[in-house]
Every structure is written in C-alpha cells, then in structure tokens.
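First the structure, in the form of structure tokens, and then the observations on it.
The values are calculated or read from the model by the stated rules, or taken from the named source; none is laboratory data. Since the structure is predicted, the reported quantities are computational estimates derived from the model, not experimental observations. We place every Cβ from the backbone using ideal geometry, glycine too, and count neighbours over all the protein chains shown.
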Amino acid sequence: MLSRHTLISLVILQLWTNWIASALAQQTFFPSAVPLAVRTPTSNCWLDTRNGSNPMTTWPTFWNDQHILGWAGYIKVDGLTYHWLGSPVPGNASTWIETQVTPTQTILTVQAGPMQLNVTFLSPIEPSDWGRQSFPFSYVYLDGTATDGKPHSVQLYSDISGEWVTNSFSTGIQWSTTKTSNTVFHQVGSTTPTSVFEDVAEDSVAYHAISSVSDACSISNASPSYNIVKGHPNLVSIVGTDQALRAQFATLGEGFTLTSDLAGQIGNVQGSDGKFPVLAHAMDLGNTTTITSIAWAVGVVRDPILTFSGGAAKGILLVAVCYHWRRNAFMVDFPTARTRALALDQKILQDARAISQNYADLVSLGARQAMAGVEITLSTFQNGSFDFSDVKAFMKDVGNSQRVNPVEVIYAALPAYMYLEPNITGALLEPLLEYQNSSSYTNPFAAPDLGGPFPAVPGDPTNLNAVYGIENSGNMLILVLAHARSTGDGSLIGKYYNLLKQWADYLVSNALIPGNQYSADARDGILVQSHANVTNLALKGIIGIQAMAEVSQIMGKGADAQNYTASATSLMQSWVGLASQSGRLRWMYDESTFGLMYNLLADKLLQLNLVPASIYTAESATLSSNQVQAQFGFSLSSDNASAARSDWTLFSAAAAPDNTTRDLLIAPVRNHASSNLTVGTFPTLYDVQTGLTQAAPNTFASPAQGAMFSVLALNVANQTIVVPGNLTTGGASAGSGGSKAKSHTGAIVGGVIAGIAALLLIGVVVIFLRRRARKEPSANDEFEAPTPTPYQYPMAQQSDGATFGSTNPGPSFLPDSPSSQPSRTFGSSVPSNKTTLISQNRFPPGPLSATSSQPASSHEPPSSGRRSSISRGTDELRSEMERLRQEVQELRANQDAPPGYQ
C-alpha cells in the first residue's frame, strides 16, 4: 500500500501535469524564433523555437540564425541546478511550459524543480525618448514562485561570452569589470576591432550588467588574473572560463564564492584548451518562496556608428554623449523602463486586438524588429563636441543586401514609424535627401539607398539605378508627405522642394508606362519580372505625383499643385483603363495576370482619394478568389507564383475595402509566422506553399516587418503642417536652387495656415521679430543658429482620454551623483494640440532626452550671453504666439480650413 506521503506526491504530480497541459493549450502562437535582446542591427539576439522543442536546450543566436551568441542562465534550487537559457553543461534543462510574445517582451514560462519561473526578455521601445531608444541594451529578468508554497534555497547565475563581438573563435578579446555605486558591469571587445564586418560587429563592445545588492560590494584587485566583485554574500561578478565557473556554480556548497581560472584580462573567444572566457554574475537569494524581478542587462555598443559622406562629420551613437555613466543608468532605469514597456504593450495590443488576435500576434512579433533596424546618431563639430541639431537615423537592410537606408525597406516599415514615432521617418529621410541634393548625385530619379554594405556609406550615384527610377522616386515622394502629415513638420518639404519636384517631373514622364523598369522586389532576386509594364509599379508612380501636388499645396505653390493634380488625375484615368479587366485587376497591362496591389495603401495612408473606389473593389474581388490563395497566403504576383511577402500582404490587408478581405489577408501571414517547422527570424519572404525561406537573401529580421502596423497606421491623425519660413528652397527664392542657406535668429517663423488666420499670425510674428531685432541687434548679427525645424508634434489620445507617447520627454538618465552634473532635456512640448510651433533653436526630431557629462556649453557657440539673449527672445515669442493661437482658434471656429490641413 502506498504511503500517505507518496499519495500526496502523486496527487500533486497529477495536478501539476494537468496544469502544464492546460498552459500549453493556452498558447496559440508558435513562432520559429523569438526575440530576446533586439535593439539595433548589431545588438540582435534571438532564440530558435522550431519544432516545438524545449527552448531551454538551445543556444541563443544572432539574427541570421547562424552564429551562436553564448548566453547561459542558471537557477539552483535546493542544490539542484537547472538552466533557463542556453544549453550549458552541467545542469538540467528547465521544463518549458509556454512562450508569450508582446511588442516589447518575450516571456518564457519554465519549471525548475519546485520553482516556476517567468523569464522575461525586455527590449524597450522608447518612442518618446530618443536617448533611451538609441541605447542598444536589453533586460532579462526573473520572477518566480514555489509551486509547493514552501521556501527553497535559490541561487541565480548568468553569463555571456566573447561570441557577441566577433564571428571567429580565434579572435583575440579583452575584458574588464567596473563597479559603480549601484551597478556592476563586465565589458568585452576585440583586441583588433575592424569596421568591416559581415554580420556580428567586430568593432563593438558587449556589456553584461547587474544591479549591486549592496554598496558594500567592491572590486577585488588581489589577483591580476581576474576581476571579481564580491564583498557582499549575495552577489559575485567574475570573469572566468565557461567550464570552470558554471561547474563551480552547480556544485557550490555552503558559502557563495567563485574562483577565476583565467590569467590576465586578454585571450581568445575560445582558448586552445576549448574553453570560452565568460562574463558572469551570480546571486544567492537564500531561502525564499518567491523571486521578484531579478534583472540583468546585455548590450552591444558601436561608437561611432558610421561616417556619412553626404553630411559633415561622423555619425556618433547618441548615447556616447553620456557614455561613462549611462551604462550604469540603464540598470537604474529598469523599474521605470519596465513600467513604460508594459504601458506601451497594453496600448499596442489594445489597438491591434480591436482588429483581431491574429493581427495582434503579427504586430507583437514585428515591433522590435522594425525598431531594431535603425541606428539614431549625432554628428560632431571639429572640436569633438556634439551637434545636437544634427540628428539622423540610419537603417541597415538586415536579412537582405546590407545597404544603408534602403528606400523600399523604409517604405515597408513606414506604418510602424507612423504609429510609434513618425519623426523616425524624417530622420531616415534627411540623409537620403541631403546626399541627393549635393553635387555628388546628378540623376533625375531618386536613389535606392546610401550605398553599403553597412556601416559603409559611399553613396549610390550610378545611373544603373534607372531601372528602379519609378520605384524609388515614388517611394520618396510618398514618404516625405507621410512624414509631414503625421508630424506636422514641413522642414523636409521646405528644404528639398526643388529636389522633390525633379522626381515628380520624372514620374510624370515615366510612371504610366514603366516599360522594363522594376519594383524593388526584383532587386535581390525576390521576383523575376519577365514582362514589362507592371501595373502596381505604375500605380506607385502616379500616387507619387499626387503626393507632390499635396507638397506643392503645402508650400503655397498653387500653379505647381494644379499641374501635378491634373497630371495625376489624367494618368490615373488611363491606368484604370489599362489595368482593369472584367472587374479584376491585371498585374501587367498586356496579360491576364494577378498580384497584390499593395501600393494602394499609399493612397489610403495619405488620404489622397486619387484611386477610384472601383479599383479597391476589383482588387478585393481578385483576392477573394480561392484560386489565388495558397497554404500561407497569396503569391506576390503570378510572375513568381511561389513567392509570398508578409510586408506587402499586410499593406494589401490595410488597403482592403472591407474587413472580410482584410482578415483574409492577415490570417495566412499569421499562420506562417506561427508555423515553427521552418527556420527563420520572422522573414518577410517565403514560399507560399511550404513556408520555407530561400538561402539568400533570407530576409530574416528585416525592419520591413514594420508593415505589420499597416492597419493601425490608418488611424494616425494628420497634423497641421508648418514649413519654416527661412527655408529658401521652396520659399520666395525657390528658383535660386539653394538649400543650404543658414537661418538667423531674426528669421521669420511661418507656416501655411488657412485663410485670414495665416495672414494674421504671420503678420504679427513679423512685427514682433522686427521689434525683437531692434532691441537686441547683437544677437541677430553675431549668432548664426542652426535651421529651425518643428520636430515636436501633438500625440493622438487613447480612448480613455490619456495621452500616449507624450511629447514631454520621460525622466532623463541621471549620473551617479545628480548634484555633480547638470541635467539637460532636449526637445520641448507642444503648447497647442492643433499646430506645431517652431523653436528658434533646432532640436533633434522627436523627444530627445539626455543628460550630458560635458559642460552645458560644449556643443554651443562660445558666447553664453548671446545665447541667453536669444533664449529670452524665444520665450517671449512663444508667449506671444500662445496668445495669438487663442485668437486664431476663434477665427477658425468661424471658417473652415482647406482639405489636408486639419
């Protein structure tokens, strides 16, 4: 007869088994890989979850699924060791229960003996704070509870290896350990860094950090062979080999000590003895029934990011401004970073689930991918100080060609940026426009990118790109208008009007009959276009022309606007006749072919109303036919009936005229994303029947998956667009061709506002500035301010009335001693929820929060007196404009504004 104790144990075991089965049944989304630490193209770590196998027996990998990133996590419970990450020896794998994916977090629920753990990998998305967004660090934190309700002895351990900074085991690496008042971090980098790399960045430094348990912790320098932070019984931070440290942790008895077996602080990624140096943090929690958010941080830093030939000096990673303490601040910021991430997740998922749960799954998997494709940079002055007026963003064509700022990928990712932070689009477009507005570029059509491979930015001036002239010119015009409408910032329009006009004129001559021109899908062998005159390409070009008509209207160029509108309308009428056949749409003018008319989305996003409703209906009729749908969705076109594109399918879903067609397109993409039998970190391109990806390009981890936000982007409200009056390219002296003119403090700040309200506002501002100039001529005569641009924008409100993504920057990262360093916040809130005002000093696009370790004037002209005078003038101007705003609103109440300006 079984004993009472045995019976109780069997009952508990049965209940636990039933609970696991229930938990497994609750999970319905099973990606092939899930993001762990995904912040930039080079800080990009994933976990393979194919075939439903235990992810606790798999090493994390770089985004390409080829290069292992050594990252091990252990928990020891009552003397028994389990690993919750990686497949290290010794120890047993924790039992995997389920995986949840949100826009910012991946949560692995596992069982380690009597302890159930939630292992959460948090890669923050910080749309309202570009300082934090640019920081290439992620968190992993553990929460747990004893399923038997009893206290257990618990110790935790995590380490990373030099594989994070090199592609080769034989590369020499060097490491160090640093302690601040509240954080301990290891760092490791190559002894021979090079900016030429294919995948893993070999000029980078990887970090592994943890919060100190006690201020009593200190660095022990007793032996030159290793760095060890001990001094408190709960925390040990040490560098040693994988075989030595992990074995010691697994066999620790009484006390809590680890001993390094390394001699010195330099070695190879893998030594001649087969051992890997690892950077470890271990913690003893003692006897406990719960584990509450024990957090580590990992990150990969490159500085500088690249050298941009189209602009001025180097592009510098934004966080380099406060580099010496911000690694520490990232750990200090963990509690509030988690709170912000949870709020963002809730907002995104609430909006996405209003469409469907299928759609919410796609948005969750694509969000980090879209943001991680972008590096936010600052440039420097010749003296090495930072130019906070020059913020640019650079995208890597991850998973594909490695080109820099690929226009078609920015176009695909546009919906994510419109929804999360539309100023990112402007920061990506600025270097493209600046380069093509220089003497280095002479083609009449837009360039496809800034060259490559990343991080090289040689430019792309070749006229061979003429085969993509319609594609890139249409993309650029659509992107520029989308940025202006979603932000209210007309600075790119004003600064580059002549360049945009050149591309529009090219489209007027070429868009309707593309001939043998290609869409971007043909660039990397994705689509074999065997025929000419692809209707979807022509459609993009015609929509681009109408976008230029809107741009001209914003600039007050009535004649240009009228001409481009007439051209677009006439070309659209011709296109409808050529592309329509028996109530369906043809992919090519001369054949009964089909394809995803994904460029229809641009007409809807920009609210151009250029495309007749009958065209949307015809596309829906084509897609509703079961003959064109395969297991994982719809072929991009009959040109290549086996190739499906998740990004363009979601574009088509958002452009659908009815929810039935929309959901018909969303469901199979989600099914492929949840089909974990095929390899890949959420690729955009796959076989529509098998789900398999091609070898190259594999399109893994592409930022183009920002297209998953396409349906949500339709709800982004247009903002009133303001063009700075001092931008001469499209202003009164547009014919001069100059776009490099510098602004002065006394320049008129203006915008295009409807009717009498605009005249009144501009007139009073002119009078005010002239009075200001007479009172303080020295400020205007001696100081040249950077070109002002209106980067802040009023945010849409949630249904509950709370403002999401406030224009007020979040808490700045603070140095260790707040009193010793001044805290500065860059960017300003918008006083009006209708009109974006213009700051006299050009701040970075979007809310940029930073606290500089340098003197406050390190990046400014030497005269602080003149600066103060200008600041006072700016404050008075803002006060005057706030008063005027109230008067303008009263005028507006009695007068309707023209379409497109509300």
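Residue count for the stretch 70-84 satisfying the condition of being buried (at least 24 other Cβ atoms within 10 Å of the Cβ) and among the hydrophobic types (A, V, I, L, M, F, W, C): 4. Cβ separations smaller than 6 Å between residues 6+ apart or across chains give the following pairs from the stretch 236-248 residues that are within 12 Å of ALA72 (Cα to Cα) to residues that are aromatic (Phe, Trp, Tyr) and surrounded by fewer than 24 Cβ atoms within 10 Å (Cβ to Cβ): ASP242/PHE276. What do you reckon, is LEU429 more than 17 Å from GLN369 (Cα to Cα), touching a Leu at 6+ places or on another chain (Cβ under 9 Å) and either at pLDDT below 95 or not polar (S, T, N, Q) (or both)? Yes: the conditions hold for LEU429.
Only one residue in TRP84, TRP164, TRP96, TRP130 is in contact with a Cys (Cβ under 9 Å, 6 or more places away or on another chain) and in the same structural domain as GLY286 (by TED's automatic domain parsing). Which one?
On the way: TRP84 fails: in contact with a Cys (Cβ under 9 Å, 6 or more places away or on another chain); TRP96 fails: in contact with a Cys (Cβ under 9 Å, 6 or more places away or on another chain); TRP130 fails: in contact with a Cys (Cβ under 9 Å, 6 or more places away or on another chain).
Exactly one of TRP84, TRP164, TRP96, TRP130 is in contact with a Cys (Cβ under 9 Å, 6 or more places away or on another chain) and in the same structural domain as GLY286 (by TED's automatic domain parsing), namely TRP164.
The number of residues in the stretch 579-618 that are among the acidic types (Asp, Glu) and either within 35 Å of the chain's Cα centre (by Cα) or modelled with pLDDT of 90 or more (or both) comes to 1.
Inspect the stretch 129-139 for any residue being surrounded by fewer than 24 Cβ atoms within 10 Å (Cβ to Cβ), on the phi < 0 side of the Ramachandran plot, in contact (Cβ under 8 Å) with a residue 12 or more places away in the chain and of a type in the set (A, V, I, L, M, F, W, C) and give the result as yes or no. No, the stretch 129-139 contains no residue that is surrounded by fewer than 24 Cβ atoms within 10 Å (Cβ to Cβ), on the phi < 0 side of the Ramachandran plot, in contact (Cβ under 8 Å) with a residue 12 or more places away in the chain and of a type in the set (A, V, I, L, M, F, W, C).
Within the stretch 246-275, being buried (at least 20 other Cβ atoms within 10 Å of the Cβ) and within 36 Å of the chain's Cα centre (by Cα) holds for ARG246, GLY267, VAL269, GLN270.
Among the residues of the stretch 647-661, are any surrounded by fewer than 19 Cβ atoms within 10 Å (Cβ to Cβ) and among the hydrophobic types (A, V, I, L, M, F, W, C)?
no
Of the strands (runs of 3 or more DSSP E) entirely within the stretch 181-291, those holding at least 2 residues that are at pLDDT 95 or above occupy 183-190, 205-211, 235-241, 266-268, 277-288. So which of GLN100, GLN66 is closer than 13 Å to THR49 by Cα and surrounded by fewer than 19 Cβ atoms within 10 Å (Cβ to Cβ)? GLN100 is the lone residue from the list that is closer than 13 Å to THR49 by Cα and surrounded by fewer than 19 Cβ atoms within 10 Å (Cβ to Cβ).
Suppose the filter is under 30 Å from THR61 (Cβ atoms), touching a helix residue (DSSP H, G or I) at 6+ places or on another chain (Cβ under 6 Å) and in contact (Cβ under 8 Å) with a residue 60 or more places away in the chain; does THR678 pass it? No: the conditions fail for THR678. Looking across the stretch 700-712, the residues that are buried (at least 24 other Cβ atoms within 10 Å of the Cβ) and either of a type outside the set (Ser, Thr, Tyr) or in a helix (DSSP H, G or I) (or both) come down to PHE700, ALA701, PRO703, ALA704, GLN705, GLY706, ALA707, MET708, PHE709, SER710, VAL711.
Checking ASP639, ASP590, ASP560, ASP603 one by one, the residue that is within 20 Å of TYR686 (Cα to Cα) and among the charged types (D, E, K, R) is ASP639 and no other.
Inspect the stretch 667-685 for any residue being closer than 25 Å to ARG485 by Cβ, surrounded by 16 or more Cβ atoms within 10 Å (Cβ to Cβ) and of a type in the set (A, V, I, L, M) and give the result as yes or no. It would help to see each step written out before you state the result.
Residues of the stretch 667-685 closer than 25 Å to ARG485 by Cβ: none.
So far as the stretch 667-685 goes, no, none of its residues is closer than 25 Å to ARG485 by Cβ, surrounded by 16 or more Cβ atoms within 10 Å (Cβ to Cβ) and of a type in the set (A, V, I, L, M).
Here VAL110 meets the list (1) over 27 Å from the mean Cα position of the chain (by Cα); (2) in a strand (DSSP E or B); (3) touching a residue at least 60 places away in the same chain (Cβ under 8 Å) almost entirely, failing just condition (3). Of all residues in the stretch 545-561, those satisfying the criterion of being farther than 19 Å from GLN607 by Cβ and touching a Ser or Thr at 6+ places or on another chain (Cβ under 9 Å) are GLY558, ALA559, ASP560. The number of residues in the stretch 604-619 that are in contact (Cβ under 8 Å) with a residue 40 or more places away in the chain and either outside the structural domain of MET572 (by TED's automatic domain parsing) or at positive phi (or both) comes to 1. Among the residues here, VAL628 qualifies as over 24 Å from the mean Cα position of the chain (by Cα), β-branched (Val, Ile, Thr) and in the same structural domain as GLY583 (by TED's automatic domain parsing). Within the stretch 682-699, the set of residues being among the aromatic types (Phe, Trp, Tyr) and either without any contact (Cβ under 8 Å) to a residue 40 or more places away in the chain or part of a loop (DSSP other than H, G, I, E, B) (or both) comprises PHE682 only. From (1) surrounded by fewer than 16 Cβ atoms within 10 Å (Cβ to Cβ); (2) without any contact (Cβ under 8 Å) to a residue 60 or more places away in the chain; (3) under 19 Å from ALA263 (Cα atoms), pick out the condition that doesn't hold for GLY189. Single failed check for GLY189: (1).
In the stretch 557-578, the residue that is farthest from the chain's Cα centre (by Cα) out of those that are small (Gly, Ala, Ser) and more than 12 Å from VAL611 (Cα to Cα) is GLY577.
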